[in-house]
Amino acid sequence: YLPQPQSRGAFLKQSGGWVESLILNEFLTSAPLTLGILQCCGWLSAQTVRTSVGMMGRRPAQWPMSHERVKRGWVWNQFFVVEEYTGTEPLYVGKIHSDSDEGDGSIKYTISGEGAGTVFIIDEVTGDIHATERLDREEKTFYTLRAQARDRQTDAPLEPESEFVIKVQDINDSEPKFLEGPYIGSVAELSPIGTSVMKVMASDADDPNYGSSARIVYSVLEGERFFTVDRQAGVIRTAVADLDRETQDRYELVVKATDMAGQMGGLSGSTTVTIVITDVNDNPPRFPQKMYQFSVSEGAAVGTSIGRVIATDADMGENTDMSYLIKDEEGGELFRVSTDGDTQEAVITIKKSLDFENKRTHNVVVEAVNKHVDPRFVDLGSFRDQTIMRVSVSDVDEPPIFIPPTGTIMEVQEDVHLGALVGIVTAKDPDMDNVPIRFSIDRNTDQEQIFNIDPVTGAITLGKILDRETAGWHNITVTAVEADNQSMASQTAVSIRILDVNDNPPELATPYEASICEDAKPGQLIHTISVVDRDEPQSGHRFYFTLAPEASNNRHFTLWDIKDNTAGIRTQRSGFNRREQNVYLLPILVVDSGPPALSSTGTLTIHVCGCDTDGAIQSCNATAYVMSAALSPGALIALLVCILILIVLVLLILTLKRHRKGQRMSEDEEDMRDNVIKYNDEGGGEQDTQAYDMSALRSLYDFPEVKNSDSGPDLHPVPQWIQNRVVGDGGPADFTVFKGYIRKKVEQADADLSVPPYDSFQTYAFEGSSSPALSLSSIRTLSTTSEQDFSYLSDWGPRFRQLAGYYAPAQPEEEGS
């Protein structure tokens, strides 16, 4: 269809007998653009004529042409319009034409779609299409429209509506842009030449499929000494191998992107690329000084920090991590070095106590070593450094030290006399002055004051008698202080072991008892005995057994020394009779090996028992043996029943006696006097017969009113029958002794808070000698017709006030009522 590869064309197929299209041609070789007109003539209704458009200036006769027969229908290719047209007149795009158009203006051409009527306009008569606005391919690359031929009079469509496209043809009007810039990349220092750092990329808004407007190449404008960039790919690489982070840790590059493949006239854009040089461990640690001075007191505790040093490293991050160690053996014994994880400092601490008197200056060699060594840079040198720490020890006043410092063990015999030397404690002043030492015993560890110590020499002597069997060890604490400075004190433990002497005799382990059958055979082993000894001889115990002298004539048993600190008892004869003798006491003499040899006598009790045919013991009681021989089982049961009956009878008798005793006690509690005096309220008087049994207070005796005698107001009314009594020479009775006795009792009752309540009845057993009165009780003298005046009872105090109320004469109001 196209006569030349450089041209592009659009073709129309005849439909309904008309087609004409304007073709926009562009030549890639910077040739001017040419617009042409394609005229299709309808020779036959079934024919379609296609022709290509040549360049402007070629004659139509020179255009190549081809013909072929196809079906009817619209065949549209694209129209092209150049972008960024800057002319003043509308830009001619193309032309549509129908073969039925005879040029008389009866046909009207219309377009619709994107930009129709605004961006693109059409001449209704000629069918010419023009662009009225400046187009930008970067904003919109093509427009889709529809063409229509109509009858001008009836506006009826003469041909079906068909769609066509107008493409905006690109020109190089957009420069390359780095959309992701500025860039930041990194590369390790000392990387070899050609090491890839990063990739940059620019984009061009021009059409990449047309011409070279979007073909981009890259170059370095600044920093080309250290880095290069791939022209096509945009990959940045190192140009040198000696990039050193410690010298320069970052580089600023300017990278340019140019379109048109870098040809003259191409547009360009640039961006900034920051390249950070990352660290590698290529620098060893270094101490700023070759010697450091420190001072510490000899009294500093273990673990005390002496000082800090630090080695510097030009690297960064984990490449600066380092560890420290002490290189010399002497310094490693006295000091310890550790690394502070936060500051990377070497911390020197005391590992062992320092002694000014022993050595005053210590030179400690400390080495710093990188933890993370890169094997690629081992040939650069040793990644370690050393320094010397000179530690000066200052003198302080130290407390005394004991020799030996870990405590002392002493030994002493338990039988030594008072004041005997037990041992000597030694201590000295470690300072240069070497002041005298004074010793003492901490009495909290020797509360019984068994030991004493010489304050000057440190000699420990015995203060009390020792007994190893009571306490085999004594642990005391000895204190040593400087004579002129009591605050400088130290203590040591002294353990005193009490050595044994043979001062305790051996004894039988337990009060042994043995049993034998009556039919025992001679030589039969009936028991084995052992002994205990509180002593502990160093050579061990050895005991000797024999019968006591008083049993030397014994014909019943023999003693057999087994030689292992035990002895066996054997029978010497056959047959024993427990009715004749059921218990044998066998004294045994035990002697230890000394020295000196000590002995003791123990007794073995041997019971003679009845046994069955198998030798099993049945009974060892002689009485039970006699009873079992005389009584049958039935008789024994009857005897037990009688004993139980007697016990029951005794219990019944005791129960009856207790019951009778209880009845007597209850009768005693019902004494009239107690019933009369125990009440807690005053009651309603004689008229209140429901509250109390007033008959108990009444009497058949009359109490006529008696006037006070001439002897004074101390005489109180007494019953009439008593007043008529005379004493001795016929004069009136003398009641002075009773008045004094009663007054004394009343005062005592008033002052005694433990006596019964006020409303109570006091009983007095004393009536005086030859008293004419039968009783002092007023209960028996009460009479309804009595003229006796008992008002004086009110003067006896609050205790008799209630009683006086019962005997007071009735008031007129009460009598009237």
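Points to keep in mind about this one:
- Residues that are polar (S, T, N, Q) and surrounded by 15 or more Cβ atoms within 10 Å (Cβ to Cβ) number at least 2 in the following strands (runs of 3 or more DSSP E) confined to the stretch 439-540: 473-482, 485-499.
- Restricting the first member to the stretch 570-591 and to residues that are closer than 16 Å to His527 by Cα and hydroxyl-bearing (Ser, Thr, Tyr), and the second to residues that are part of a loop (DSSP other than H, G, I, E, B) and open to solvent by 70 Å² or more (accessible area, probe 1.4 Å), the beta-carbon pairs closer than 6 Å and six or more apart or on different chains are Thr571/Pro522; Thr571/Gln524.
- Gln581 meets each of the listed conditions (1) open to solvent by less than 40 Å² (accessible area, probe 1.4 Å); (2) farther than 28 Å from Leu499 by Cβ; (3) not hydrophobic (A, V, I, L, M, F, W, C) apart from (1).
- Residue count for the stretch 412-430, restricted to those that are of a type in the set (A, V, I, L, M, F, W, C) and surrounded by fewer than 18 Cβ atoms within 10 Å (Cβ to Cβ): 5
Residues are listed down the side, and each one gets a yes or a no for (1) part of a strand (DSSP E or B); (2) surrounded by 15 or more Cβ atoms within 10 Å (Cβ to Cβ); (3) out of contact with any helix residue (DSSP H, G or I) (no Cβ under 8 Å at 6 or more places or on another chain):
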{"position": "Ile166", "(1), (2), (3)": "yes, yes, yes"}
{"position": "Glu175", "(1), (2), (3)": "no, yes, yes"}
{"position": "Ile236", "(1), (2), (3)": "yes, yes, yes"}
{"position": "Thr247", "(1), (2), (3)": "no, no, yes"}
{"position": "Glu252", "(1), (2), (3)": "yes, no, yes"}
{"position": "Ala257", "(1), (2), (3)": "yes, yes, yes"}
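- Options Asp342, Asp315; residue that is out of contact with any strand residue (DSSP E or B) (no Cβ under 7 Å at 6 or more places or on another chain), surrounded by 17 or more Cβ atoms within 10 Å (Cβ to Cβ) and either in contact (Cβ under 8 Å) with a residue 40 or more places away in the chain or part of a loop (DSSP other than H, G, I, E, B) (or both): Asp315
- Selected residue (only one of Ile348, Ile409 is touching a residue at least 12 places away in the same chain (Cβ under 8 Å), open to solvent by 70 Å² or more (accessible area, probe 1.4 Å) and not in a helix (DSSP H, G or I)): Ile409
- In the stretch 128-163, the qualifying residues are those that are more than 30 Å from Asp207 (Cα to Cα) and small (Gly, Ala, Ser), and the one that is most open to solvent (accessible area, probe 1.4 Å) is Ala156.
- The helices (runs of 4 or more DSSP H) found wholly in the stretch 587-695 and carrying at least 3 residues that are modelled with pLDDT of 85 or more, more than 30 Å from Thr558 (Cα to Cα) and not charged (D, E, K, R) occupy 633-669.
- Scanning the stretch 92-118 for residues that are touching a residue at least 24 places away in the same chain (Cβ under 8 Å), within 14 Å of Arg152 (Cα to Cα) and either open to solvent by 40 Å² or more (accessible area, probe 1.4 Å) or not small (Gly, Ala, Ser) (or both) yields Ser100, Asp101, Ser106, Ile107, Lys108, Tyr109, Thr110.
The values are calculated or read from the model by the stated rules, or taken from the named source; none is laboratory data. What you see is a predicted model; the values in this text were computed from it and never measured. Note that we place each Cβ from the backbone using ideal geometry, even for glycine, and neighbour counts take in every protein chain shown. The area values use the complete protein model at the heavy-atom level, side chains included, leaving out ligands, DNA and RNA. Shrake-Rupley method; radii C 1.70, N 1.55, O 1.52, S 1.80 Å.
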